[in-house]
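Read-outs: derived from the displayed coordinates by stated rules, not from any lab. Predicted model only: the values in this text are computed from it and were never measured. Cβ: placed from backbone, ideal geometry, glycine included. Neighbour counts: every protein chain shown.
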Amino acid sequence: MEVGQMQRAWVEYTRSLFREGFLDAQFQQLQLLQDESNPDFVAEVVSLFFEDSERLLADLTFVLEQQNIDFKKVDAHVHQFKGSSSSIGAQRVKNDCIAFRNFCEEQNIEGCLRCLQQVKQDYYLVKSKLEALIRLEQQIVAAGGSIPMEELSS
Amino acid sequence: MAITGDSRSQFHVLAVDDSLIDRKLIERLLKTSSYQVTTVDSGSKALKFLGFQEDEQSNPDTPFGSPNNHQEVEVNLIITDYCMPGMTGYDLLKKVKESSSLRNIPVVIMSSENVPSRITRCLEEGAEEFFLKPVRLSDLNRLKPHMMKTKIKNQKQEDQEELKISEIQSDEQQQPVQPPSPQPQPQPQPESQPPPPPALLLQHNNNKRKAMEEGLSPDRTRPRYNGIPTMV
């Protein structure tokens, strides 16, 4: 693919992620903070989000498998997950966390387990989308092009 | 702990957050707004960085704090997360506002939760602003007025302190004050320097300050107050 083609693909793909609610305006804030002096800012923050999320998902899975579930712990993990997903703009994950916390407050085990499945699914989905997006960005830069940020707003 | 940002910039912000992602974010936001930034991951590390001493508040007769207690590195604003394990942002705010030498530093609280009673409590305790997370670039426009205010206040205060110090140390004052010794400077210096911060007190514990900076940040190669040599 030549650069212009990749750039158009990038614009189209990014728009679709916003349109389908995988990402919200906060992700655009991250993109705004990336410039020549910090060309990898988005990729760095996104990879921190992956590390954080996978640790939290493992912890949540473990806590919810126990005989006596410590709902305070569950809530603390979900609270963190909500924070990091909203900082990154992973909208679906963030919304799952909000529902999750409500079930946690009710000490509803069924509800919590369902939310865990939902949040896992949405997390891995947005992860693969973000990875594809960043890969595309790296290909554009490697081919000598720049990320056509300004075209997102038009 | 990391000090980043252009050392020529006028204002130094201490950002406190236990989440690494949020530290990255607030650091970038502040740097983009050309502040100098130090990030720490807890309230107790923030207090340590500020040179906080527990007992100083028990001495109400020295409204400026004794020179020994003066903060090692000038911080113009503290921005802290509310919800942190151990010391919360609210606890940190209280400590700062109860301390005679730190209370003039403006404090801004960030929280992901919009709890009105929490917001009121922080503002009543002396927080200048309450930002809902995630913090955006447009929020940061609200920081500058608070720093300007304190800058002026501190200047007045330090003028008085300088007076006291120069009375006591008139002997030492005879010799010209040396600017920080030149160090290898990787970047070219611009022609115009921003107005330097109040100078005399900074000179007064410059070595301590430098030592601390070096301890904190191995990659920092330039002395912080480049403006001073042009003043003296």
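Based on the Kirkwood radius over alpha-carbon pairs, what is the Stokes-Einstein translational diffusion coefficient of region A:55-154 at 20 °C with 1.002 mPa s viscosity, in µm²/s? The calculation lands on 142 µm²/s. For region A:1-109, GluC sites (Glu not before Pro) meeting the loop criterion (DSSP other than H, G, I, E, B) and having at most 15 other Cβ atoms within 10 Å: A:Glu2, A:Glu20, A:Glu36, A:Glu106.
Net charge of the neighbourhood of B:Leu137, taken over other residues with C-beta under 12 Å away and scored Lys/Arg +1, Asp/Glu -1, is +3. So what is the relative contact order of chain A, in percent, for Cα pairs below 8 Å that sit 6 or more residues apart? It comes to 33 percent, rounded to a whole number.
Helix content alone sets the calculated 222 nm mean residue ellipticity of chain A: runs of n ≥ 4 DSSP H residues at -39500 (n - 2.57) each, divided across all residues, give -26500 deg cm²/dmol.
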